[in-house]
Every structure is written in structure tokens, then in C-alpha cells.
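Q: Quick one: this structure, given as C-alpha cells, is what I'll be asking you about.
The values are calculated or read from the model by the stated rules, or taken from the named source; none is laboratory data. What you see is a predicted model, and the numbers here were worked out from it, not measured in a lab. In this analysis, Cβ positions are derived from the backbone assuming ideal geometry, glycine residues included, and neighbour counts consider all displayed protein chains. All accessible areas refer to the heavy atoms of the entire protein, side chains included, with ligands and DNA or RNA removed. Shrake-Rupley method; radii C 1.70, N 1.55, O 1.52, S 1.80 Å.
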Amino acid sequence: TKDACTVLTKEELSDLMGTRLVSAGPAGGKVSDGVSACSYASGKDVGLPGALIEVSEARGDSLMTNCRGVPQIDGVGDRACFRSTPYATMLTAVKGKTGVMVTLFNAKIPDPKSVIKKIAQTLLGRL
């Protein structure tokens, strides 16, 4: 599985989000086999914009468990779901066997749905 942090660099994600991200590194926590996770941050303080990206080249179906009970959306991969709260925006998508999950935290973006769709499409195109 490709390293999520190299599939999308912090500079590229900064441009897509319109936020200056200063760090990117392996995400802590449990990640299923065949999945790589990368955590991006714009600083150390709680409440600052950041992102978590998970990618899988062969186990996209395992990421789709995040879509249980979540509205489906069109236009990203073969199947995708999207959820947004005041603090986080999440999109999970699969294309064939590949899958991505993108979560943006505290991102004060005018249209988070279109931004997160573009990030997911970029990732799927590189896997």
C-alpha cells in the first residue's frame, strides 16, 4: 500500500484546503491491514485546521464501513458517502478495489463538499 503522506503532500493539501499545513506524518491509532493513514496539521493547538487521510490500493471495501447510515453522493469513484458537522467534514469513496477516506477538521472553507470531493478525486487518481 502506498504511503498516504506521499500520495498527497502537505503542500498539495494546503493548496486544496486554502490553509497552510505545517506537518504531515503517520496517523496514530488502529488502521486496518492494507490501509495507510496520514495526519496533517496547521499547528499544535487544539481547534486548528487539519486533516486525516486514509488510502488503500486493495482494501477499499474496508474503508466503506464508514458509510453505514451515511448519505451516498455521486461524482466520486464508484461509490462514495459524505457527512459534515460544524467541526469535521468526511468523505469516503471507492473505485474498484482502491479506497480513500478524507476527514477535514476545523476547516473554515466556504464550500467543504466541493473541496473534499476534489481531494478524494485527486487521491483516487493516484492510487
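Q: Can you give me the distance in nm between label points at Asp78 and Thr9, each placed 7 Å from the Cα along the Cα-to-Cβ direction?
A: Result: 3.2 nm between the two label points.
Q: Using the Cα gyration tensor of the range 1-44, with a ≥ b ≥ c the square roots of its eigenvalues, what is the shape: rounded (a/c below 1.5), prolate (a/b larger than b/c) or oblate (neither)?
A: oblate
Q: So, one more: Would you grab the residues whose amide H sits under 5 Å from the one on Lys95? Only those 5+ places off in sequence or on another chain, please, with H modelled 1.01 Å from N.
A: Asp78
Q: How far apart, in nanometres, would the label points at Val70 and Glu57 be if each is projected 7 angstrom from Cα along the Cα-to-Cβ direction?
A: Roughly 2.4 nm, to one decimal.
Q: Using the heavy atoms of the protein chains and a 1.4 angstrom probe, tell me the accessible area per residue for the range 1-97 in square angstrom.
A: It amounts to 55 Å² per residue over the range 1-97.
Q: So what's the back-of-envelope 222 nm ellipticity for the chain, counting only DSSP H runs of four-plus at -39500 (n - 2.57) apiece and dividing by all residues, rounded to 500?
A: When only DSSP H runs of four or more count, the value is -6500 deg cm²/dmol.
Q: To continue, here is another question. First compute the accessible area of the chain with a 1.4 Å probe, then give the percent of it belonging to carbon and sulfur atoms.
A: After summing per-atom areas, the C and S share lands at 50 percent.
Q: Same structure again: Which lysines does Lys113 reach when only Cα atoms under 23 Å apart count, and residues fewer than 8 places away in its own chain are ignored?
A: Lys10, Lys95
Q: While we're looking at this one, here's another question. Within 13 Å, Cβ to Cβ, of Pro112, how many net charges do the neighbouring residues add up to if Lys/Arg are +1 and Asp/Glu are -1?
A: Charge balance near Pro112 sits at +4.
Q: Can I ask one more? Mean separation of Cα pairs under 8 Å and 6+ residues apart, divided by the residue count of the range 1-111: what relative contact order is that in percent?
A: 24
Q: Note down the magnitude of the dipole of the chain about its Cα centre, charges +1 on Lys and Arg C-beta and -1 on Asp and Glu C-beta and zero elsewhere, to the nearest 20 debye.
A: In debye, rounded to 20, the chain gives about 160.
Q: For a quick check of understanding: with a 1.4 angstrom probe and all protein chains in place, what accessible area in square angstrom does Phe82 have, to the nearest ten?
A: 30
Q: OK, next. Aspartates and glutamates within cross-link reach of Lys117: Cα-Cα under 17 Å, excluding same-chain residues under 8 positions apart?
A: The reachable aspartates and glutamates, counting only those whose Cα sits under 17 Å from Lys117, are Glu12, Asp15, Glu54, Asp74, Asp78.
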